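Just below is one structure, and these are the notes that go with it.
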Amino acid sequence: MKYSKPALSNADLLARWQAKGLAIPQLADAERALLFIGYFRLRGYVVMRLFSRALDTQDEWPVRLMDLFKTHPAMAPSDLGFPPGWEADPLWN
């Protein structure tokens, strides 16, 4: 498949989301997270995490996600685009 639009840089992508009304309180965390993830697979999880953390800093969404991977070992985080060591990243803690 050939794409007709050029890819956006991570900074441009975050700026576009902010222009559409997404509050990103930890912009540096968001930009760092986007450096090592695949757009089509993992960015959806990161966006959901940024939303959940912005709404409730004590949410348990990351814990539930990690428990889901432990409960279903056939569903590998790497198959969804998570890089090795993703659990240690501050975004998920």
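Read-outs: derived from the displayed coordinates by stated rules, not from any lab. Keep in mind the model is a prediction, meaning the values are calculated, not measured. Counting neighbours? That spans all protein chains shown, and the Cβs are built from the backbone with ideal geometry, glycine included.
Subtracting the Cα-Cα distance of LEU13 and TRP61 from 0.36 nm times their residue separation leaves 14.9 nm of extension gain. Within the shell defined by Cβ-Cβ distances under 13 Å, the residues around TRP61 carry a net charge of -1, with Lys and Arg each +1 and Asp and Glu each -1. With neighbours defined as other Cβ atoms within 10 Å of a residue's Cβ, the residues VAL63, VAL46 order from fewest to most as VAL63, VAL46. Sorted on the mean count of surrounding Cβ atoms within 10 Å across their residues, most packed first, peptides 82-92, 17-27 read 82-92, 17-27. The ranking of LEU14, LEU8 from fewest to most other beta carbons within 10 Å of each one's beta carbon is LEU8, LEU14.
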